[in-house]
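Some notes on the structure that comes next.
The values are calculated or read from the model by the stated rules, or taken from the named source; none is laboratory data. Model, not experiment: these values are computed from the prediction. Here the Cβ is made from the backbone with ideal geometry for all residues, glycine too, and neighbour counts use every protein chain on show. Surface accessibility is based on the protein's heavy atoms, side chains included, excluding ligands, DNA and RNA. Shrake-Rupley method; radii C 1.70, N 1.55, O 1.52, S 1.80 Å.
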There are 2 protein chains.
Amino acid sequence: MIRRELPKRRVQSFSDVLDRVREIINRVRVGGDQALRELTLQIDGVKLDRLVLEDSYIKERSEVLDPKVKEAIDNVWLQLTSFHDLIKPPNLGGGSEGVEYGIIWKPIRKLGIYVPGGKKAYPSSLMMAGIPAKIAGVKEIFVSTPTRGDLDPAIAYIAQKLQVKNVYPIGGAQAIAAMAYGTESVKAVDKIVGPGNVYVQGAKFLVSSDVGIDAIEGPTELVIIADENANPKNVALDLMAQGEHGSSSMLVLISNSAELLNEVSNLLQGDNEFYLVKVSSLEEGIQIANELAPEHLSLYTSRARELLARVENAGAITLGNTPPALIDYSAGPDHILPTNGWARFKGGLTVFDFLKGISYVRAERISESLVKSAEIIARYEGFNVHANSVGVRYE
Amino acid sequence: MIRRELPKRRVQSFSDVLDRVREIINRVRVGGDQALRELTLQIDGVKLDRLVLEDSYIKERSEVLDPKVKEAIDNVWLQLTSFHDLIKPPNLGGGSEGVEYGIIWKPIRKLGIYVPGGKKAYPSSLMMAGIPAKIAGVKEIFVSTPTRGDLDPAIAYIAQKLQVKNVYPIGGAQAIAAMAYGTESVKAVDKIVGPGNVYVQGAKFLVSSDVGIDAIEGPTELVIIADENANPKNVALDLMAQGEHGSSSMLVLISNSAELLNEVSNLLQGDNEFYLVKVSSLEEGIQIANELAPEHLSLYTSRARELLARVENAGAITLGNTPPALIDYSAGPDHILPTNGWARFKGGLTVFDFLKGISYVRAERISESLVKSAEIIARYEGFNVHANSVGVRYE
């Protein structure tokens, strides 16, 4: 359906399921493995014969992977590695006024990756979470993914490449609860990342006071800002491609060209809602995009570079005639991106999501004025022992 | 009270108040300014005559600040600026296989800083939140802080230095709700940062599906790892200093020296619980610290540099005879640090908390193997239009 209007910025949509999710989490915290088995039977209709897949089984499953898919994964692996390597931050040290200080980046110790399942398997999601984690230096990676029957061969192959510690054939809110709090078979981790349905995201939200999460990921969002030189067929394909993720995708085309909007309108097919919006200038389009804070932003114009500087809120951006779907698979940057307006305050997944910046200080011959300043402000705030603990060092 | 045992790692403690906090948030979302007035009267016993303090009033209040405190703030300002400037990341660009990619760091647009009040004012908190935000390039900063009577002069002075847009004399969960969702007088922001009591932290948790938060901050934590060369008076002072934050502080001394432990034990005073633990080596102490994941870690030994490399989980670290309280005020790094085990997955506040890394891609002459890889994996996942949208570009 074509709408000639602007959509509202998306907001999270798991409110309705939170009570149910809270109940699932509590059952897992109390009942452990037994609760995981019961919930998986009850919710997914799957009888789990084991909660941890054996290494030999994962190896066996990876060996049935189509060699063409294996080669594609290997190719993409190198490209994602090259991007995330570029972003990896160095430790930094410096000093001022006799204080030596710095920041050291340390990887998260235990990481849980949730990989959604369903009709199909999503090996790209495991790569997009696992590769930056590996580059950050995370040593213990655990993966939970629902399987109906055997483990998907591509997931098995990638899990091996990532040297994953354990793969759990568990899905839904119960998988998140298990990784957050641990059971007899499932290790409690320090952080959980990965996309999933509203139950998974609701669970990530509820456990996020106790373990780290990457973000709460919702339906796909794409805003294309295009001018009269954009190829209408490609624009229509890009919109329909993101529409493949489901009817709740937010799909928006903004253009200063009435002709382009009409041409694209005639080419769009399928059940999605497509929002087509006429603006008087591309700059106006950028302003609208900044309000929508979309997951994907495509600047389909030769002015892309120039307009990039004006973007404030977006997950990832494709420039010119670059298909947004390339970021979903092989361009290099991550496809685990902020949705539901989270691009206002968070970027896509990078090595930073798997690192902690720990600051350190050594102050031996600190300037007198800094000592006095610390004492004065500490006393102003009523913290006299704070002041004394600083003062005695540098008398 | 001295305990010769290890404490457990702290966990968040707002569960008991979440229902009450949820109710407060809903009242603000529905009732706006009127609800803010009612809740502030009801909870804080304060009758608000205005919800936004006038610029002229803030200026007036800043002018009564003791010049010594003003000078101390100016000094600390420069030191914090020098540290956060060091950490500020550059935009990065690169490419591989015909794909040009990179990451641009963009500041958050609208930021809310919560500054706790109570018996005293905490100007250091406003600096620790505001200075990295300013260095990150945040343009619109809003501050909410409970006032009983007039605005604290140091808060007023710092708000002016930060060019804060609005100061709201509002505290508690209602302040967080107002900044998250907006009212007639309070602007909705993109992210909320700052320490506060369990109501404030519970509110930050509940709004965190819709707006960014820095972390959920709990009671202070300090682990000191010291050897026989540490000065017992300084060690005792450091522990008692962090004890000033209240009886729920976690205060731990770990040493391989029974003598030091006994000497410190004799010097400790006050109502706090102090945990004193004997280990056979400093390395064992580091292992314990990594499990506790404390907010503050002091390596009070000449081997500090060497041991630093073994630390995995800590908020901020002081080396050698450096007082942890120096980080609270003037060393340079931030004092808004992870607590309740959050150091397992998050560092202290830096410019990164106020920036979003937006990735971009331009792919004009991408290698054929990457195009094919994207198509193969997309089709494997059942996303044929994704595959087509990539394929048509590079035929």
* Structure fact -> By residue number, the members of segment A:179-233 that are within 29 Å of B:Gly218 (Cα to Cα) and of a type in the set (Lys, Arg) are A:Lys187, A:Lys191, A:Lys204
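Rundown of residues vs (1) in a helix (DSSP H, G or I); (2) among the small types (Gly, Ala, Ser); (3) within 24 Å of A:Asp210 (Cα to Cα), yes/no style:
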| position | (1), (2), (3) |
| --- | --- |
| A:Lys119 | no, no, no |
| A:Ser124 | yes, yes, no |
| A:Pro132 | yes, no, yes |
| A:Ile135 | yes, no, no |
| A:Val143 | no, no, yes |
* Asked: Taking segment B:347-362 as the search range and keeping residues that are in a helix (DSSP H, G or I) and of a type in the set (A, V, I, L, M, F, W, C), which one is most open to solvent (accessible area, probe 1.4 Å)?
  -> B:Phe352
* Within segment B:76-92, can one find any residue that is farther than 30 Å from A:Leu370 by Cβ and more than 25 Å from the chain's Cα centre (by Cα)? -> yes
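Report, by residue number, each residue of segment B:32-59 that is assigned to a helix (DSSP H, G or I), farther than 17 Å from B:Lys165 by Cβ and free of Cβ contacts under 8 Å to residues at least 60 places away in the same chain. Before you say what the answer is, go through the steps one by one.
Taking segment B:32-59 as the starting set, the residues that turn out to be assigned to a helix (DSSP H, G or I) are B:32-44, B:55-59.
If we keep only those that are farther than 17 Å from B:Lys165 by Cβ too, we end up with B:32-44.
Selection gives B:Gln34, B:Arg37, B:Glu38, B:Leu41, B:Gln42.
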* Being of a type in the set (Val, Ile, Thr) and closer than 18 Å to B:Ala314 by Cβ is the filter here, so list the residues in segment B:232-287 that pass it. => B:Val235, B:Val252, B:Ile254, B:Val277, B:Val279, B:Ile286
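For (1) assigned to a helix (DSSP H, G or I); (2) crowded, with 16+ Cβ neighbours inside 10 Å, each residue gets a yes or a no:
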site	(1), (2)
A:Ser265	yes, no
A:Asn272	no, yes
A:Leu276	no, yes
A:Ser280	no, no
A:Glu283	yes, no
A:Glu291	yes, no
A:Leu307	yes, yes
A:Asn313	no, yes
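Name the residue, out of B:Ile225, B:Ile213, that is open to solvent by 30 Å² or more (accessible area, probe 1.4 Å) and either over 17 Å from B:Ala129 (Cβ atoms) or free of Cβ contacts under 8 Å to residues at least 40 places away in the same chain (or both). Walk me through how you get there before you give the answer.
On the way: B:Ile225 fails: open to solvent by 30 Å² or more (accessible area, probe 1.4 Å).
From the options B:Ile225, B:Ile213, the qualifying one is B:Ile213.
Does A:Gln242 satisfy the criteria of being within 11 Å of another protein chain (Cβ to nearest Cβ) and over 24 Å from the mean Cα position of the chain (by Cα)? Working first, answer last.
Values: within 11 Å of another protein chain (Cβ to nearest Cβ): yes; over 24 Å from the mean Cα position of the chain (by Cα): no.
No.
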* Can you tell me how many residues in segment B:11-53 are open to solvent by 30 Å² or more (accessible area, probe 1.4 Å) and in contact with a Pro (Cβ under 7 Å, 6 or more places away or on another chain)? -> 1
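For segment B:356-395, give me each residue that is among the basic types (Lys, Arg) and either in contact (Cβ under 8 Å) with a residue 60 or more places away in the chain or under 22 Å from B:Gly93 (Cβ atoms) (or both). Outline the logic, then answer.
Quick first cut of segment B:356-395, residues among the basic types (Lys, Arg) only: B:356, B:362, B:365, B:372, B:379, B:393.
Within segment B:356-395, B:Lys356, B:Arg362, B:Arg365, B:Arg393 qualify.
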* Selection from segment B:376-395 of residues that are open to solvent by 10 Å² or more (accessible area, probe 1.4 Å), at the interface with chain A (Cβ under 8 Å from one of its Cβ atoms) and touching a helix residue (DSSP H, G or I) at 6+ places or on another chain (Cβ under 9 Å) -> B:Ile376, B:Tyr380, B:Phe383, B:Asn384, B:Val385, B:Asn388, B:Val392, B:Arg393
* Structure fact -> Scanning segment B:243-267 residue by residue, the ones that are in contact (Cβ under 8 Å) with a residue 24 or more places away in the chain and either among the small types (Gly, Ala, Ser) or in contact with a Pro (Cβ under 7 Å, 6 or more places away or on another chain) (or both) total 15
* Asked: Does A:Arg344 meet the test of being at pLDDT 95 or above, more than 9 Å from chain B (Cβ to nearest Cβ), under 25 Å from the mean Cα position of the chain (by Cα) and open to solvent by 10 Å² or more (accessible area, probe 1.4 Å)?
  -> no
* Asked: Taking segment A:86-108 as the region of interest, how many residues are facing chain B (nearest Cβ under 9 Å) and either open to solvent by 50 Å² or more (accessible area, probe 1.4 Å) or free of Cβ contacts under 8 Å to residues at least 60 places away in the same chain (or both)?
  -> 8
* Structure fact -> Note on segment B:315-337: residues assigned to a loop (DSSP other than H, G, I, E, B), surrounded by 24 or more Cβ atoms within 10 Å (Cβ to Cβ) and facing chain A (nearest Cβ under 8 Å) are B:Gly315, B:Thr322, B:Pro323, B:Pro324, B:Ser330, B:Ala331, B:Gly332, B:Pro333, B:Asp334
* Asked: Is segment B:202-224 home to any residue that is assigned by the TED database to the domain that holds B:Ser302, over 24 Å from A:Ser209 (Cβ atoms) and not in a loop (DSSP other than H, G, I, E, B)?
  -> yes
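What residue, among those in segment B:363-375 that are of a type outside the set (S, T, N, Q) and not in a helix (DSSP H, G or I), is most open to solvent (accessible area, probe 1.4 Å)?
As a first pass, look at segment B:363-375 and keep what is of a type outside the set (S, T, N, Q): B:363-366, B:368, B:370-372, B:374-375.
Narrowing further to those that are not in a helix (DSSP H, G or I): B:363-366.
Values: B:Ala363: 1, B:Glu364: 93, B:Arg365: 200, B:Ile366: 17 Å².
Per the stated criteria, the residue is B:Arg365.
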* Structure fact -> Filtering segment A:306-337 down to residues that are β-branched (Val, Ile, Thr) and either touching a Gly at 6+ places or on another chain (Cβ under 7 Å) or more than 23 Å from A:Gln201 (Cβ to Cβ) (or both) yields A:Val311, A:Ile317, A:Thr318, A:Thr322, A:Ile336
* Asked: Identify, please: which residue in segment A:67-85 is facing another protein chain (nearest Cβ under 8 Å) and open to solvent by less than 90 Å² (accessible area, probe 1.4 Å) and is, among those, nearest to B:Glu381 (Cα to Cα)?
  -> A:Val69
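Just to be sure, is B:Gly117 under 17 Å from B:Glu217 (Cβ atoms) and open to solvent by less than 10 Å² (accessible area, probe 1.4 Å)?
Values: under 17 Å from B:Glu217 (Cβ atoms): yes; open to solvent by less than 10 Å² (accessible area, probe 1.4 Å): no.
Answer is no for this residue.
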